[in-house]
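Below: one structure, written as structure tokens.
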Amino acid sequence: MQLRSLKLRLLLPYATLILLLTCAIGSLTYWAGARTVTGLSDQLLKEMASRMHQSIEHHVSGSAAVLEAAFPTGMAAGADIRHDWKALRARLWAATTLAPRTNDYVYYGNIAGQGVGLKRHPDGTAELRVRTDANQHRRYYRLDRIDGPPHYLRTEAAMFDPRQRPWFQLASRVDQHMWTSVYIDFGIKDLVLTRARRVLNAQGQLEGVVASDVSLRALNDVVNDLGRSIHGLAFVVEPDGELVAVSGMDNVRFADGGRIERLAATTSGNPLVHSIYLQVRSHFNAAIARSGPDTESVSEVHNLQLQDQDGQPLHVAFVRVTDHAGLDWIAAVAVPRATILADVSRLVELVMVAGALSLLLALLVGMRLFGRVADDVRSLSNAVQRVGRGEISSSFETTRQDEVGELARNFSHMRHELFTDRVTGISNRSALQHVLSNMVSKPAHGAPQPFAVLFIDLNLFKQLNDRWGHDNGDLALAEVAQRLRHQIRTDDHVARLGGDEFVMVLRGIGHRETAQAISAKMVDIISAPLTTLQGIPAGETVQLGASIGIALFPHDAHDVHSLLQHADQRMYAQKANNPLSDKR
């Protein structure tokens, strides 16, 4: 009995020391894991904010091409729209085919009070709205094809004078593209933004204004999906607090009497949106005061740590979205800290219980376990940092079935969601931006290596969609993507920008002749009959074509935007001379 008591007295200090060490190790593990996961989450939130920035730019950028197609730069407008009627109507029809989901309505009004607008419908027909005399009411016609005869529908009861519209008055005063304020279109019961540009006559004087509406419904859908994917909040707001899009709710609401009104950060009914908006707006006001309204730092992605209405920590990433036409929005994403650290908290609880029950054994096993956890967390952190530097293929693979393994798999899933196109399975626009940014940046030693950018736009894709359906259109995009993927080397890259546009990045290609030879080969590969479509009658083949523009780095441009713009322009030059093009 005395011997057992002596052993207990001798072992008690060691047991106490082991228990304290176990607690200390658990605390250090929690602290290190929390810091790592917090840094990882801040990086991923930045990626989400950048993704929102790119989605907004993609959503509104098509309107510039629509206006250019309706009235190309330098084209002089006549004093009477009837003198150039057929050509004007054809240009309006062609303009609405460029971005039909967001820009299905383009219109023109002149200083004489004449006006013409063309609204495309999902079934391929169009509604033509014409006012050829300043004292005349607008007449509506149906068009079944670009050169088809107009079928009279009705005459508008109210007098519509384009000269009195905000888009006309705004654009007529400046020599550049201009955005109107966001407003409610009561026809579609949703928010709309109008882009407008003045049109000059042969004497260089104002003759009229061309404009196009951009529906913001699809942008609100993108923000909704993003909010659900991160189990948090995402929204886009104007500097004055008016909401453009917000996850978890519509961006308009019906008030008493059926009246439609916009939501604002202060009146949305969501205190979290209101609180984040005030903090983010304060940040931008301070940045503008320090550096002026045109500073580039205002448009960088930033992280912020706030508290929600219950006082719980909240991680926020936000960015200001601007363009040369006057767009000025703020995009923000937010995730509760408790959601971020849930896996880490469960892991530390498991470690502490095991240490308290096992004492010496827990110390030996625990040290080994924590060592592996630290190595895995460190590897995961390094993978996140590599992704942040543009190495989007970096990943962290583990066979662990615990919380660390779940965290690693969540990271891989989020990376896949961020950088993979869902239709084709290849890289998306965000991934391409990371790859190109990394390739054009100057290395620590030597100069950046040359490479070629091939901007690919499919021909005959609209006809395929119209005849065989959008499901077959998706199958065709996926088949083309796989053909391109199989043609590139391991260090090359292929991505889908959106719609029927792809980009190939070919490392080490510095000569135009080599790039042109590869481009010709890609055209042949794309033009081969498609084999994955469903419901095609036996004996009938379906084919696509392609127009490809080439840009060489550093010969043609030194930055990502200019490279893509140069390749895009060369692609459109090819498409203009291609008789099979459906976007000329």
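The values are calculated or read from the model by the stated rules, or taken from the named source; none is laboratory data. Since the model is a prediction, treat every value here as computed from it, not as a measurement. Here the Cβ positions follow ideal geometry from the backbone for every residue, glycine too, while neighbour counts run over all protein chains shown.
Considering only the range 161-181, state which residues are in a loop (DSSP other than H, G, I, E, B) and either touching a helix residue (DSSP H, G or I) at 6+ places or on another chain (Cβ under 6 Å) or among the acidic types (Asp, Glu) (or both). Break it down stepwise before answering.
Kept after step one, since they are in a loop (DSSP other than H, G, I, E, B), are these residues of the range 161-181: 161, 165, 172-177, 180-181.
Within the range 161-181, ASP161, ASP175, THR180 meet the criteria.
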Residues that are modelled with pLDDT of 85 or more and of a type in the set (Val, Ile, Thr): does the range 287-300 have at least one?
no
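Which residue is surrounded by the fewest Cβ atoms within 10 Å (Cβ to Cβ), if the candidates are limited to the range 182-205 and must be in a loop (DSSP other than H, G, I, E, B), at pLDDT 90 or above and on the phi < 0 side of the Ramachandran plot? I'd like the intermediate steps shown before the answer.
First, the residues of the range 182-205 that are in a loop (DSSP other than H, G, I, E, B): 182, 186-189, 201-205.
Of the ones still in play, those that are also at pLDDT 90 or above are 182, 201-205.
Then keep just the ones that are on the phi < 0 side of the Ramachandran plot; that gives 182, 201-203, 205.
Numbers: VAL182: 19, ASN201: 15, ALA202: 10, GLN203: 7, GLN205: 9.
My answer is GLN203.
For the range 81-104, indicate whether the set of residues that are of a type in the set (Val, Ile, Thr), more than 34 Å from the chain's Cα centre (by Cα) and assigned to a helix (DSSP H, G or I) is non-empty. Before you say what the answer is, go through the steps one by one.
Here is the first cut: in the range 81-104, the ones of a type in the set (Val, Ile, Thr) are 81, 96-97, 102.
With more than 34 Å from the chain's Cα centre (by Cα) added as a condition, the list becomes 81.
After this cut, where a residue has to be assigned to a helix (DSSP H, G or I) as well, the list is 81.
Yes.
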Checking HIS83 against (1) farther than 28 Å from LEU191 by Cβ; (2) touching a strand residue (DSSP E or B) at 6+ places or on another chain (Cβ under 8 Å), which single condition isn't satisfied?
(2)
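Could you say whether any residue in the range 421-440 is over 21 Å from SER55 (Cβ atoms) and not hydrophobic (A, V, I, L, M, F, W, C)? Outline the logic, then answer.
Our first condition is that a residue be over 21 Å from SER55 (Cβ atoms); within the range 421-440, this holds for 438-440.
Now narrow it down to the ones that are not hydrophobic (A, V, I, L, M, F, W, C): 438.
Within the range 421-440 (the criterion being over 21 Å from SER55 (Cβ atoms) and not hydrophobic (A, V, I, L, M, F, W, C)), the answer is yes, since at least one residue qualifies.
Looking for something in contact with a helix residue (DSSP H, G or I) (Cβ under 8 Å, 6 or more places away or on another chain), touching a residue at least 12 places away in the same chain (Cβ under 8 Å), assigned by TED's automatic domain parsing to the domain that holds TRP85 and closer than 30 Å to ALA255 by Cα - is there at least one such residue anywhere in the range 145-160?
First pass over the range 145-160, keeping only residues in contact with a helix residue (DSSP H, G or I) (Cβ under 8 Å, 6 or more places away or on another chain): 146-147.
Subsequent filtering for residues that are touching a residue at least 12 places away in the same chain (Cβ under 8 Å) retains 146-147.
Narrowing the set further to residues that are assigned by TED's automatic domain parsing to the domain that holds TRP85 leaves 146-147.
Retained after the next criterion (residues that are closer than 30 Å to ALA255 by Cα): none.
No: zero hits.
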Restricting the range 423-448 to residues that are of a type outside the set (Ser, Thr, Tyr), assigned to a helix (DSSP H, G or I) and touching a helix residue (DSSP H, G or I) at 6+ places or on another chain (Cβ under 8 Å), the residue that is surrounded by the fewest Cβ atoms within 10 Å (Cβ to Cβ)
VAL440
Of the conditions (1) in a helix (DSSP H, G or I); (2) surrounded by 16 or more Cβ atoms within 10 Å (Cβ to Cβ), LEU278 clears all except one; give me its number.
(2)
So which of LEU67, LEU88, LEU118, LEU44 is within 23 Å of LEU216 (Cα to Cα) and in contact with a helix residue (DSSP H, G or I) (Cβ under 7 Å, 6 or more places away or on another chain)?
LEU118
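Please work out which residue is farthest from HIS302 (Cα to Cα), limiting yourself to the range 249-259 and to residues that are surrounded by fewer than 14 Cβ atoms within 10 Å (Cβ to Cβ) and at pLDDT 80 or above.
Just the residues of the range 249-259 that are surrounded by fewer than 14 Cβ atoms within 10 Å (Cβ to Cβ), to begin with: 254-259.
Among the residues that remain, those that are also at pLDDT 80 or above are: 254, 259.
Numbers: PHE254: 34, ARG259: 37 Å.
Per the criteria, the residue is ARG259.
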Evaluate the following for LEU243: is it buried (at least 24 other Cβ atoms within 10 Å of the Cβ) and either closer than 19 Å to VAL60 by Cα or aliphatic (A, V, I, L, M) (or both)?
yes
Which ones in the range 486-541 are under 26 Å from the mean Cα position of the chain (by Cα), farther than 21 Å from TRP468 by Cα and in a loop (DSSP other than H, G, I, E, B)?
ILE488, ASP491, ASP492
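Working only within the range 482-509, note down all residues that are farther than 23 Å from THR420 by Cα and buried (at least 16 other Cβ atoms within 10 Å of the Cβ).
Here is the first cut: in the range 482-509, the residues farther than 23 Å from THR420 by Cα are 508-509.
Result: ILE509, single match.
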Is there a residue in the range 536-545 that is within 16 Å of VAL435 (Cα to Cα) and hydroxyl-bearing (Ser, Thr, Tyr)?
no
Is it the case that the range 546-562 has a residue that's surrounded by 12 or more Cβ atoms within 10 Å (Cβ to Cβ), among the β-branched types (Val, Ile, Thr) and farther than 24 Å from ALA431 by Cβ?
no
Given (1) within 24 Å of TYR572 (Cα to Cα); (2) in the same structural domain as HIS561 (by TED's automatic domain parsing); (3) in contact (Cβ under 8 Å) with a residue 60 or more places away in the chain, identify the lone condition not met by ARG512.
(3)
Reported set for the range 143-171 where residues are within 38 Å of the chain's Cα centre (by Cα) and more than 30 Å from LEU206 (Cα to Cα) is ASP144, ARG145, GLY148
